[in-house]
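Presented below is the structure to which this report refers.
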């Protein structure tokens, strides 16, 4: 439903009738009327003055008069300079309510067949997921759900970084210091146990760096200290052993591969628990251990086509200076891959799995340059999917205590943070006394829904490109721009609708399939259910906001911006709170008005739930 477009069509018909001038509705400017003027929507007439050779005020008066006399949905109009303000009739808004109520999945677009892949999460198997991963996962999942709602066929994927030197660091530390410890004997999730040994490696390696640096300073006292540190960091016994372990893994050494499989298995089990608590999922998971060699064929293709060139030492490069980038290494002199190599091969591999028109990579902004290079190279190869590739870059998340460093063990663990959020939700809910009628299991589930809703909403309500400060205490608030506030408004409406059910009040229009889109049927329904009731301004504003839902979903999909949907939900919740405080429902003596207000409440709840579900937030029906 697009009211602006419907009005534009009426205006276009008026222009054709009055001035014998054909004009397409899409070229006309229709916008919500400013609050200081009377009206619902405004048509801007200035663009017609040249072709019609009339003053903008005169054009506004003539079109306004025509619309009021020829369309029952136009109740009144006024003209201020070149702005024609149109007041829509009560019957229009009541029929709008009936149309929304009888439209399945209102707001969501019909499936149009365009395929899009959204890749997110992309964890390393040397450590558990952390706060930054929460933003990544929530952002990727939400964008995928919004694209689905906008009619796309979506595949949600996860490329797991399960190989490389950082994985070997955890493996080597476990081999040296683990003493056969397992997640069961340690009482830890598997990803936490492996992350523990990544930290162990870093601490032991730092000690070796200091020892080597001391020796270097004795041998070459005049050498620059930073150069000595860099040299020491590359030559510690632990680093050299980790590099040897990586070589053994790539050669398929059984003992090394068995250890890798065992420790990765622990990590995957831990990840599964975390993803379940997060409420995110994937249609397919790719593993770098299966894809890291794929790009070598692309390198050969690039050399044959003259896209890449080989230097004297045998390394392969691409010159992107004309594109404002730089020369980029795509294959080392020893024939081993770099990240860009495997990403080139993986892009082809994913397209073979799912021939998509769009491919969205949800990755932090520290990889902006990498993706510029990747997309530029693929366009040079004329890959038919290259033009649809997009890097959904996002800023880092910081806590009041500062930045996180995983190798030093100062990362804000995702599991710990979600547990902390649940504890805060429990404390706040008990303080407000909102769970007297809940069983212990119901209360526990409510705390989880509130905690995860607060976390997701807080991380998604802002532009993803912004670095943000996350304060757990601020995110769980029953007032203000929070997920909990929106959940509370939804639960309040559900309570009101349960009461209507107990009182056996029939408020919802019910149409047969053949009547579903019939204006005549909607007219009969509105007259039968609601009569000719007079709507309050806040009721009209609620309806206006709900009718904007399809456009907000489309905007969010086009911009890959869950914040648009979050903003829609918050403003709808605020409007309903105003409606609830200003207008009585059950104390209203006019039964038709009572039914109309219940129907409006029901559609508000449906829109709130639909919007919040798109950003991954569950909506409780009791609070």
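The values are calculated or read from the model by the stated rules, or taken from the named source; none is laboratory data. Because the structure is predicted, anything quoted here is derived from the model rather than measured. No Cβ is skipped: glycine too gets one built from the backbone with ideal geometry, and neighbour counts run over all protein chains shown.
Take the residues in the range 42-54 that are more than 23 Å from residue 547 (Cα to Cα) and in contact with a helix residue (DSSP H, G or I) (Cβ under 7 Å, 6 or more places away or on another chain); name whichever of them is surrounded by the fewest Cβ atoms within 10 Å (Cβ to Cβ).
Applying the filter and picking the extreme gives 46.
Residue check: residue 377 meets all listed conditions (1) at pLDDT 95 or above; (2) under 26 Å from the mean Cα position of the chain (by Cα); (3) not in a loop (DSSP other than H, G, I, E, B) but one, namely (2).
Under the condition of being closer than 14 Å to residue 359 by Cβ, crowded, with 18+ Cβ neighbours inside 10 Å and touching a residue at least 60 places away in the same chain (Cβ under 8 Å), the residues counted in the range 369-397 number 1. Suppose the filter is closer than 18 Å to residue 259 by Cα and in the same structural domain as residue 249 (by TED's automatic domain parsing); does residue 187 pass it? No, not satisfied. In summary, residue 353 fulfils each of the numbered conditions (1) surrounded by 15 or more Cβ atoms within 10 Å (Cβ to Cβ); (2) within 18 Å of residue 294 (Cα to Cα) with the single exception of condition (1). If a residue must be without any contact (Cβ under 8 Å) to a residue 24 or more places away in the chain and within 18 Å of residue 379 (Cβ to Cβ), how many such residues does the range 310-321 contain? Number of matching residues: 3. Does residue 184 satisfy the condition of being more than 37 Å from the chain's Cα centre (by Cα) and either exposed (fewer than 15 other Cβ atoms within 10 Å of the Cβ) or modelled with pLDDT under 95 (or both)? For residue 184, the condition - more than 37 Å from the chain's Cα centre (by Cα) and either exposed (fewer than 15 other Cβ atoms within 10 Å of the Cβ) or modelled with pLDDT under 95 (or both) - is not met.
Just one residue in the set 265, 233 is in contact with a helix residue (DSSP H, G or I) (Cβ under 6 Å, 6 or more places away or on another chain), assigned to a helix (DSSP H, G or I) and surrounded by fewer than 18 Cβ atoms within 10 Å (Cβ to Cβ); that residue is 233.
Conditions tested, residue by residue: (1) part of a helix (DSSP H, G or I); (2) surrounded by fewer than 13 Cβ atoms within 10 Å (Cβ to Cβ); (3) out of contact with any strand residue (DSSP E or B) (no Cβ under 6 Å at 6 or more places or on another chain); (4) on the phi > 0 side of the Ramachandran plot.
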site	(1), (2), (3), (4)
198	yes, no, yes, no
212	yes, no, yes, no
226	yes, yes, yes, no
241	yes, no, yes, no
252	no, yes, yes, yes
257	yes, no, yes, no
280	no, no, yes, no
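All conditions but one from (1) surrounded by 21 or more Cβ atoms within 10 Å (Cβ to Cβ); (2) at pLDDT below 95 apply to residue 33; the one that does not is (1). Against the criterion of being modelled with pLDDT under 95 and either under 23 Å from the mean Cα position of the chain (by Cα) or at negative phi (or both), residue 530 qualifies.
Results for (1) in contact with a strand residue (DSSP E or B) (Cβ under 6 Å, 6 or more places away or on another chain); (2) modelled with pLDDT under 95; (3) at positive phi; (4) surrounded by fewer than 18 Cβ atoms within 10 Å (Cβ to Cβ), shown as yes or no for each residue.
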residue	(1), (2), (3), (4)
405	no, yes, no, yes
408	no, yes, no, yes
411	yes, yes, no, no
427	no, yes, no, yes
430	no, yes, no, yes
434	no, yes, no, no
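Each row is one residue, and each column tells you yes or no for (1) over 21 Å from the mean Cα position of the chain (by Cα); (2) under 30 Å from residue 461 (Cβ atoms); (3) surrounded by fewer than 24 Cβ atoms within 10 Å (Cβ to Cβ).
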position: 72; (1), (2), (3): yes, no, yes
position: 75; (1), (2), (3): yes, no, yes
position: 83; (1), (2), (3): yes, no, yes
position: 104; (1), (2), (3): yes, yes, yes
position: 120; (1), (2), (3): no, yes, no
position: 132; (1), (2), (3): no, yes, yes
position: 143; (1), (2), (3): no, yes, no
position: 146; (1), (2), (3): no, yes, no
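Let's see how each residue does on (1) touching a helix residue (DSSP H, G or I) at 6+ places or on another chain (Cβ under 9 Å); (2) under 30 Å from residue 532 (Cβ atoms):
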{"site": "40", "(1), (2)": "yes, yes"}
{"site": "58", "(1), (2)": "yes, no"}
{"site": "94", "(1), (2)": "yes, yes"}
{"site": "110", "(1), (2)": "no, no"}
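Listed here are the residues, each with its yes/no results for (1) assigned to a helix (DSSP H, G or I); (2) under 27 Å from residue 153 (Cβ atoms); (3) touching a helix residue (DSSP H, G or I) at 6+ places or on another chain (Cβ under 9 Å).
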position: 269; (1), (2), (3): yes, no, yes
position: 289; (1), (2), (3): yes, no, yes
position: 313; (1), (2), (3): no, no, no
position: 322; (1), (2), (3): yes, no, no
position: 330; (1), (2), (3): no, no, yes
